[in-house]
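Engineer: Before anything else, here's the structure in question.
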Amino acid sequence: MIKIQAEANVPTEHGNFRMIAFSEDENDWMPHMAIVAENTDLSQPVNVRFHSECITGEVFHSKKCECGQQLDAAMKYMHENGGLVIYLRQEGRNIGIINKLKAYSLQEKGFDTVQANLELGLPADDRNFGVAIEILNQLKIEDINLLTNNPDKVRFVQESNVNLNSRIPLQIPANENSKGYLQTKKDFFGHFLDDQK
Ligand SMILES: Nc1nc2c(ncn2[C@@H]2O[C@H](COP(=O)(O)OP(=O)(O)OP(=O)(O)O)[C@@H](O)[C@H]2O)c(=O)[nH]1
Ligand SMILES: [Zn+2]
């Protein structure tokens, strides 16, 4: 059972956020995080993004995916409209950074993002968004607008005790490096992406 281990206000380039660390264990070095924009009204449907960790995209600004830009766009959106980002420690769709780099190495040989995981004997996507629902429950958030293009995240909320008021798209234009990744998201996972074929 996760619980709040610590929280504090942090000013960022995208405004002020209350950063809350959730974990079973207070010595956990990688707790899930909820970052709540200042002045968020919790009595209205609350804008929420479930965001899975991507160190390559968010920290090192990799062009292979759009994760870093999505996180920035989501924080900006929450600052302007109220809401929170639930930052989940699910690096590489929950296969971890070592396996993600192994998958990238296979991608250099021509495998797409799904085939590379399967070639390593790993699931294409090993995530479960139950923990994000648990965090919403603990914050007493019952009604949300979800910022995502991922039908799996939508399904998780629909099957939970949290009401999905609406889905808000969070699309980042493709570049030369990311277009294959985005196309696979649309073709294999069924992401709602207008720009892809
Ligand atoms: N295994 C693997 N994971 C990747 C690859 N590229 C990005 N990822 C991971 O994919 C995940 C993307 O998560 P999110 O940003 O929550 O995005 P999403 O599930 O596609 O859904 P959206 O809400 O529509 O953005 C992160 O955990 C990344 O680390 C890849 O080539 N292989
Ligand atoms: Zn990424």
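Engineer: What number of residues within region 12-60 are of a type in the set (D, E, K, R), within 23 Å of Asp143 (Cα to Cα) and either within 14 Å of ligand 1 (Cβ to nearest atom) or part of a loop (DSSP other than H, G, I, E, B) (or both)? Quick ask: steps written out before the conclusion?
Structural biologist: Applying the first criterion (of a type in the set (D, E, K, R)) to region 12-60 yields 13, 18, 24-26, 28, 38, 41, 49, 53, 58.
Within this subset, residues satisfying the condition of being within 23 Å of Asp143 (Cα to Cα) are 18, 38, 41, 49.
Filter once more, keeping what is either within 14 Å of ligand 1 (Cβ to nearest atom) or part of a loop (DSSP other than H, G, I, E, B) (or both): 38, 41, 49.
Number of matching residues: 3.
Engineer: Specify which of the listed residues (Asn47, Asn99, Asn39) is over 18 Å from the mean Cα position of the chain (by Cα) and more than 16 Å from ligand 2 (Cβ to nearest atom). Walk me through how you get there before you give the answer.
Structural biologist: On the way: Asn47 fails: over 18 Å from the mean Cα position of the chain (by Cα); Asn99 fails: more than 16 Å from ligand 2 (Cβ to nearest atom).
It is Asn39.
Per-residue answers, yes or no, for (1) within 13 Å of ligand 2 (Cβ to nearest atom); (2) part of a loop (DSSP other than H, G, I, E, B); (3) out of contact with any strand residue (DSSP E or B) (no Cβ under 7 Å at 6 or more places or on another chain):
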site	(1), (2), (3)
Ser62	yes, yes, yes
Asp72	yes, no, yes
Met75	no, no, no
Val85	no, no, no
Tyr104	yes, no, yes
Ala132	no, no, no
Asn137	no, no, yes
Ile141	no, yes, no
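Engineer: Out of all the residues in region 69-98, which are near ligand 1 (Cβ under 7 Å from one of its atoms) and touching a residue at least 60 places away in the same chain (Cβ under 8 Å)?
Structural biologist: Gln70 - this is the single residue of region 69-98 that is near ligand 1 (Cβ under 7 Å from one of its atoms) and touching a residue at least 60 places away in the same chain (Cβ under 8 Å).
Engineer: Among (1) part of a helix (DSSP H, G or I); (2) away from ligand 2 (no atom under 16 Å from the Cβ); (3) at pLDDT 95 or above, there is one condition Lys153 misses while meeting the rest; what is its number?
Structural biologist: The failed condition is (2).
Engineer: Only one of Glu7, Glu80, Glu26, Glu53 is of a type outside the set (Lys, Arg) and within 27 Å of Lys179 (Cβ to Cβ); which? Talk me through it step by step, then tell me what you get.
Structural biologist: On the way: Glu7 fails: within 27 Å of Lys179 (Cβ to Cβ); Glu80 fails: within 27 Å of Lys179 (Cβ to Cβ); Glu26 fails: within 27 Å of Lys179 (Cβ to Cβ).
After ruling out the rest, the residue left standing is Glu53.
Engineer: Another question, then. Would you pick out the residues in region 24-69 that are touching a His at 6+ places or on another chain (Cβ under 6 Å) and either hydrophobic (A, V, I, L, M, F, W, C) or exposed (fewer than 15 other Cβ atoms within 10 Å of the Cβ) (or both)?
Structural biologist: Keep residues of region 24-69 that are touching a His at 6+ places or on another chain (Cβ under 6 Å), which gives 37, 68.
Selection gives Ala37 alone.
Engineer: Quick one: would you say Thr184 is under 19 Å from Ile86 (Cβ atoms) and of a type in the set (Val, Ile, Thr)? Quick ask: steps written out before the conclusion?
Structural biologist: Numbers: under 19 Å from Ile86 (Cβ atoms): no; of a type in the set (Val, Ile, Thr): yes.
In short, no.
Engineer: Follow-up question, since we're still on this one. Considering each of Glu53, Glu66, Glu58 in turn, give the residue that is touching a residue at least 40 places away in the same chain (Cβ under 8 Å) and within 18 Å of the chain's Cα centre (by Cα). So that I can check it myself, show each step before the final result.
Structural biologist: Values: Glu53 fails: touching a residue at least 40 places away in the same chain (Cβ under 8 Å); Glu58 fails: touching a residue at least 40 places away in the same chain (Cβ under 8 Å).
Residue meeting the stated conditions: Glu66.
Engineer: Please count how many residues of region 113-130 are crowded, with 17+ Cβ neighbours inside 10 Å, in a loop (DSSP other than H, G, I, E, B) and within 16 Å of ligand 2 (Cβ to nearest atom). Outline the logic, then answer.
Structural biologist: If we filter region 113-130 for residues that are crowded, with 17+ Cβ neighbours inside 10 Å, which is where we start, we get 113-114, 116-117, 122, 125, 127, 129.
Retained after the next criterion (residues that are in a loop (DSSP other than H, G, I, E, B)): 122, 125, 127, 129.
Retained after the next criterion (residues that are within 16 Å of ligand 2 (Cβ to nearest atom)): 125, 127.
Total satisfying the criteria: 2.
The values are calculated or read from the model by the stated rules, or taken from the named source; none is laboratory data. Quick caveat: nothing in here was measured; it's all calculated off a predicted structure. Here Cβ is always computed from backbone atoms with ideal geometry, including for glycine, and neighbour counts include all displayed protein chains.
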